[in-house]
Structure formats: structure tokens, C-alpha cells
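In what follows, a structure is listed as C-alpha cells, so that the remarks can point back to it.
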Amino acid sequence: MRTVKGVVRSIVLLLLIGGIGLIGYVVVRDRPQDVPWTELDLTQPVGMFTGRKIAALGSDPAKCRALLDRAGVEYAVRSPRGEGQCLADDSLIPEAGGATAIRFRPASLATSCPVVTGLALWEWQVLQPAARKHFGESVASIGHFGSYSCRRMYGGSDGPWSEHATADAIDIASFTLEGGKKISVLDDWNDGNAQEQAFLREVRDGACDLFATVLSPDYNAAHANHFHLDQADRGTTGFRVCR
């Protein structure tokens, strides 16, 4: 009797293992972006681990640029600047054309490769769909407050260094549509019409799947006029911030 029960338990265990394996195979085959060990593919929909994989590209600039090249993202390489904690040596200047259409204002933006990667996916899978849904037209340009700034967090004299210190962050201030309409974080987050407010919240929420840190006016008064987006690499299971 014990032998029969043992055989039954073994069969049940094998079926369970087989079922888990089958589920894993289906996930990897159909949703590779939802598992941590698959390679990042910019042609895939955004998944649970897409943002973490993008942030990890900071340790491999060549791989990051190769991904952008395969996706048709155009950019220029900026020479290194700063030193020590403020060394930014993998900055790219995103250029409209190819697979991306949005221009950045000022056009002098130079930011890290992982940020450029996040911005490209944000344009394709978040910004443009949201703009067409709420306004019936696409985003033509993004207004920003820059990327590189050799400083610590909150501008203090001590404490952790900001991701801006290595150009691994960008502050987004506004969006201008093809027809010329401008949606501003400062003016429209709380005081805009229903469409403008819904658009800003939708693109903020979508950024949370692509950037390690997303801070908006919901975070504090210092972010009342912009979205802070950065690609701090906190590891595969590291925490992410979305406020």
C-alpha cells in the first residue's frame, strides 16, 4: 500500500514539475520580457523586467548602443565629461529620424545610453499612443531641463550622488503636439483640463515600467514642474521608485 502511495506521489510531483516547466516555456516563448534571464529586445512589448534590463545596460555601453542600432534609433556620441563621481563617459545625443520622431528642446540634450533607450521605448509604447488617444495627434517635441549636472541628491553638500551626476537621468518639463499644443507638467498636472491631466498621468505611469526612478508632482514640491526619470541600476530584484 505504501508503495502504491509512493508511486502516486511521484507521479503527481512529476506532473507538477512538468506543468511548471510548460508554463515557463510558454512565458519565455510568448512573453520573454516578463522573465529576468532573457535578452532585452526593443521590438517586444514592455514587460515586468524591461525596465531593469534597460538600467543594467549602463555597465555595457557597447551592448546598449548595439540595441539602439538594431532598433533604428539615431544618435550622436558625446565626448566624456567630468571626472570621479561626476564622470559621464557614455552620453549620447538623441536625434529625431529613423525609428524615433520626437525632438528634444533644447536640442543639446546628451544623456546616458540607458536613458536614451528608455526614452525610445517610452515614445513608441507610451507617449505616442497616449497622445493619439487623448488629443488625436502625436507628440512632436519634448521640453526638458537637462540631464548632466555634477551634484548630489537634493543639491546638498553631502549625501548620495544624484543620477544626474553621470547623465543617467533627465528632467522632462513639457510635451508639444504636432499641431502646436503644449502640455506642461507645471501648468497642467493639477490645473489642466481633463484630457491634459489624464495624458500626463498616463505617460508618468508608463514611464515607471521603463525607468528605475520616476518622480512627478505627486512626489514633492521640488518636482512640481517636471518628471524626473533615471536609470539607477539596482539589480534584477532591486527596488524601483514611481511617485
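Values computed for the structure shown
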{"item": "Matching residues in region 218-243 - criterion: being touching a helix residue (DSSP H, G or I) at 6+ places or on another chain (Cβ under 6 Å), in a loop (DSSP other than H, G, I, E, B) and surrounded by 15 or more Cβ atoms within 10 Å (Cβ to Cβ)", "result": "225, 226, 231, 232, 233"}
{"item": "Test for residue 58: is it under 20 Å from residue 229 (Cβ atoms), touching a residue at least 60 places away in the same chain (Cβ under 8 Å) and open to solvent by 10 Å² or more (accessible area, probe 1.4 Å)", "result": "yes"}
{"item": "Which listed residue, of 144, 164, 134, is touching a Leu at 6+ places or on another chain (Cβ under 7 Å) and not small (Gly, Ala, Ser)", "result": "144"}
{"item": "Helices (runs of 4 or more DSSP H) within region 73-192 that include 3 or more residues under 21 Å from the mean Cα position of the chain (by Cα)", "result": "113-122, 128-135"}
{"item": "Out of 84, 72, 51, sole residue that is surrounded by 16 or more Cβ atoms within 10 Å (Cβ to Cβ), under 30 Å from residue 107 (Cβ atoms) and at pLDDT 90 or above", "result": "51"}
{"item": "Of residues in region 95-127 being in contact with a strand residue (DSSP E or B) (Cβ under 6 Å, 6 or more places away or on another chain) and over 26 Å from residue 149 (Cα atoms), the one most open to solvent (accessible area, probe 1.4 Å)", "result": "98"}
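The values are calculated or read from the model by the stated rules, or taken from the named source; none is laboratory data. If you're wondering where the values come from, they're calculated on a predicted model, not measured in any experiment. Glycine also receives a Cβ, built like all others from the backbone with ideal geometry; neighbour counts cover every protein chain displayed. Each accessible area value is taken on the protein alone, full model and side chains, heavy atoms only, with ligands, DNA and RNA left out. Shrake-Rupley method; radii C 1.70, N 1.55, O 1.52, S 1.80 Å.
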